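Worksheet for the structure shown next.
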Amino acid sequence: MEYVTSLLSLALIASAIRVTMPILLAALGAVYSERGGVINIGLEGIMIMGTFFGAVGDYVFARQYPALVAAIPDLAPAAGVLAAMLAGMAFALIHALVTITFRVDQIISGVALNLLAVGLARFLNILFFGVATQSPGVSGFTPVDIPILEGIPVLGPIATGISPMILVALLLVLIGHWTLLRTRFGLRLRGVGEHPRAADTLGINVYGMRYAGVLISGALAGMAGAYLAIEQAHLYFEGMTQGRGFIALAAMIFGNWWPLGALGASALFGYFDALSLRVVVLPVPSQFINVLPHIVSILVLAGFVRRAQPPAADGVPYTKEEE
Amino acid sequence: MKWRLLVLQIATPILAIVFGVVIASIIVLAIGRNPLDVFGVLLRFGLLRADSLLSILFKATPLIFAGLAVALSFRAALWNIGVEGQYYIGAFCAAYVGFGIKGLPVAVHLPLAVLAAGLGGMLWALVPILLKLRRGAHEVITTIMMNYIAAAVILYLIADVFRDPSQIGTPRVRTPEFPGSARVPSMGPLLGLLGLTGPDANKVNWLLIFGLVLCVLFTVLLSRTRFGYEVRAVAFNPQAAEAAGIPNARIQFLMFMLSGGVAGLAGLSDVLGFFGYLDIDFPKGLGFLGISIALLAKNNPLGVVLAALLFGFLDRGALGVQFFARVPKEVIVILQALIILAIVVAYELVTRYIRMQRKREAERPATAPAAAAEAGH
């Protein structure tokens, strides 16, 4: 009975919110990519690049500009996030080039990117830090309190001392939802993912829109990696993404290819992820608690939870010329 | 014309390797080293030493199984990204038969262990394929998730349930050792007759030959039998195949099971052939290398052998690069990934080029039969 109450504790929920963020950001990225019609299995690899470059950007900036960072400590982690997003976009650009321009199978390209990321992160880590698997410690953002909620005593653990990146991520979800639903860019992106031929006939640049979707997904997955390294672990280490890029894909599918849906689904995965982090006394071996999010992913994909409808042209390369 | 296309198809993988080498050279240059040195060492160390050649054979053995497993699924238009998890489970099943049963003759014990590994791989492949065929869950993500679950299961079984009691208190977390009857014999004695001796010769075991035989058998199965024809039909055009009375679901299920079964064998060379116990740090990542190998081989079982040897060579050469050229051996991992990206782009471009050529030939006006006939030869 004891563990049942601990399953709903505020501390656990606060932890769940924290660990939801990397999954959420990557899932949001996946929404942009797949709404444009490109499956991005390489999300995991992009996230790995994000963790590494997040730590590097943070570390190098703090080393190069100690005076500046002493005055405004948040600059170093901000530099890390920026570096991670740029690295993520660079990696996503490879995926875009290979799948959109060369029309190679999107899954193959993604798998190759994941392999490349593992090797590249090890190689670069040796160059930067002399060892293959770990960076030195890096500083995170100054935690913030949410103005109104912090006054409510019960909500203390949730509303105080939280990462500003959490607020940014939630804001990005709202912006993303509105963008896809209401803006010209969002409608075009969806058009390209649903019926590229029709979109092309209407004068929409199919390749350009798809590139945009993939690049945004790269930036967001890079940011997701940066969050893991900078805000959660305060360093980069090999294998720290733990398949969250893949879980994010499941979250996106469960969220029915919409940002707000992805938020709900990511929260579900985040909750199970938090269970594995907190020392909650459960009558199950710890190894199995660790893979709860992965088990849930399978159940979600099998439609035991809900059926979903992907964009019609998702995963189908588009070619302008008739064949 | 036919000749040109054949040359083109053979040249494609070579061009892709060259592209990978060029990009890797740029990376080596960027860190201030001479790429000629690095690739010189790679070739000299990797190819011109007897112990390296034996090491390549040892490293290629598990890669043949992993690559063949992935290729079999790709052949049926299925994505088995779960070879990684399938061989974890296979390796454990073989280990369990290995240390759990005593007093059997080798002629019974060893085949039983190998069979258990295959069944373990199939068991782990069963979940994703059933979920795909019954519930429409895309196998790419489910197989990836099964990999993580397999890692957790193995960790639990080795560390918490079947840990060798005599090792408790030491940092070694592994199962009890297997008796000799469950070990794959070394090819060392045979290689010794050829004048190849030393520790690397003893590492090479008979699973290498078993892997080669499997590749030949699957070549025959896929290109010379009715089943192979049905597999091609399903992969090429599922609707047409179904209309022709070929049951898509059954063919895909069988191919995925074969893929999982072969995947289950990938860990055996290390576990039954080399260590003789299943350690918590047994070699990982073979499943992902298998994907690269299948892509490089264009899913051809015999090509898998060549690609596995290439990756074995790169892996061995990486040691030399690290030791003699003082460049991190990860540069070779990057090279492998680049080759894969280059190869898939190159295959795609060649396929498109060939299609275009065929179309052009077909559209040639009938008033010029001589020219068309000439182009056809």
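With (1) modelled with pLDDT of 90 or more; (2) more than 22 Å from the chain's Cα centre (by Cα); (3) closer than 20 Å to B:Ser52 by Cβ as the list, and B:Pro199 as the residue in question, which single condition is left unmet?
(1)
Hey, among B:Leu217, B:Leu208, which residue is assigned by TED's automatic domain parsing to the domain that holds B:Val161, assigned to a helix (DSSP H, G or I) and surrounded by 14 or more Cβ atoms within 10 Å (Cβ to Cβ)?
B:Leu208
Applying the selection to region A:220-261, what residues are β-branched (Val, Ile, Thr) and away from chain B (no Cβ under 14 Å)?
Matches in region A:220-261: A:Ile230 only.
Condition (residue is among the β-branched types (Val, Ile, Thr) and within 20 Å of the chain's Cα centre (by Cα)) applied to region B:234-255: is it met by at least one residue?
no
Exactly one of (1) within 20 Å of A:Val98 (Cβ to Cβ); (2) away from chain A (no Cβ under 14 Å); (3) within 24 Å of the chain's Cα centre (by Cα) is unmet by B:Val22. Its number?
Evaluating B:Val22 over (1) within 20 Å of A:Val98 (Cβ to Cβ); (2) away from chain A (no Cβ under 14 Å); (3) within 24 Å of the chain's Cα centre (by Cα) leaves (3) as the failure.
Looking at A:Gly270, A:Gly239, A:Gly222, which one is under 18 Å from A:Ile41 (Cα atoms) and surrounded by 24 or more Cβ atoms within 10 Å (Cβ to Cβ)?
Going through A:Gly270, A:Gly239, A:Gly222 in turn, just one is under 18 Å from A:Ile41 (Cα atoms) and surrounded by 24 or more Cβ atoms within 10 Å (Cβ to Cβ): A:Gly222.
Taking region A:83-100, which residues are within 16 Å of A:Gly315 (Cβ to Cβ) and within 11 Å of another protein chain (Cβ to nearest Cβ)?
Correct list: A:His95, A:Val98, A:Thr99.
Among the residues of region A:118-131 satisfying the criterion of being in a helix (DSSP H, G or I) and more than 8 Å from chain B (Cβ to nearest Cβ), which is nearest to A:Gly88 (Cα to Cα)?
This residue is A:Ala121.
If you take just the helices (runs of 4 or more DSSP H) that sit entirely in region A:240-323, which of them hold at least 1 residues that are among the basic types (Lys, Arg) and modelled with pLDDT of 90 or more?
Answer list for region A:240-323: A:244-254.
For the subset of region B:150-193 comprising residues that are in contact with a Ser or Thr (Cβ under 8 Å, 6 or more places away or on another chain) and within 14 Å of chain A (Cβ to nearest Cβ), which member is surrounded by the most Cβ atoms within 10 Å (Cβ to Cβ)? Steps first, please.
Our first condition is that a residue be in contact with a Ser or Thr (Cβ under 8 Å, 6 or more places away or on another chain); within region B:150-193, this holds for B:158, B:162-164, B:176, B:184, B:188, B:191.
This time we only want the ones that are within 14 Å of chain A (Cβ to nearest Cβ), so: B:158, B:162-163.
Details: B:Ile158: 22, B:Phe162: 18, B:Arg163: 17.
Checking each candidate, the answer is B:Ile158.
Of the numbered conditions (1) within 14 Å of chain A (Cβ to nearest Cβ); (2) closer than 26 Å to A:Asn290 by Cβ, B:Gly136 fails exactly one; give the number of that condition.
Here B:Gly136 meets the rest and fails (2).
Taking region B:265-296, which residues are small (Gly, Ala, Ser) and more than 14 Å from chain A (Cβ to nearest Cβ)?
Residues satisfying the conditions are B:Ala266, B:Gly267, B:Ser269, B:Gly273, B:Gly276.
Which one of the conditions (1) assigned to a helix (DSSP H, G or I); (2) more than 11 Å from chain A (Cβ to nearest Cβ) does B:Asn147 fail to meet, given that it meets all the rest?
(2)
Listed here are the residues, each with its yes/no results for (1) over 27 Å from B:Gly312 (Cβ atoms); (2) of a type outside the set (Lys, Arg); (3) free of Cβ contacts under 8 Å to residues at least 12 places away in the same chain.
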{"residue": "B:Glu139", "(1), (2), (3)": "yes, yes, no"}
{"residue": "B:Val153", "(1), (2), (3)": "yes, yes, no"}
{"residue": "B:Phe162", "(1), (2), (3)": "yes, yes, no"}
{"residue": "B:Thr170", "(1), (2), (3)": "yes, yes, yes"}
{"residue": "B:Arg174", "(1), (2), (3)": "no, no, no"}
{"residue": "B:Leu190", "(1), (2), (3)": "no, yes, yes"}
{"residue": "B:Lys203", "(1), (2), (3)": "no, no, no"}
{"residue": "B:Trp206", "(1), (2), (3)": "no, yes, no"}
{"residue": "B:Cys215", "(1), (2), (3)": "no, yes, no"}
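When you check A:Gly193 against the structure, is it surrounded by 16 or more Cβ atoms within 10 Å (Cβ to Cβ), assigned to a helix (DSSP H, G or I) and either within 14 Å of another protein chain (Cβ to nearest Cβ) or under 21 Å from the mean Cα position of the chain (by Cα) (or both), yes or no?
Answer is yes for this residue.
Name every residue in region B:164-184 that is under 15 Å from B:Ala94 (Cα atoms) and in contact with a strand residue (DSSP E or B) (Cβ under 9 Å, 6 or more places away or on another chain), in order of residue number.
B:Arg174, B:Thr175, B:Arg183, B:Val184
The values are calculated or read from the model by the stated rules, or taken from the named source; none is laboratory data. Here the structure is a predicted model, which means the values were calculated and not measured. Ideal geometry is used to build each Cβ from the backbone, glycine not excepted, and the neighbour counts take in all protein chains shown.
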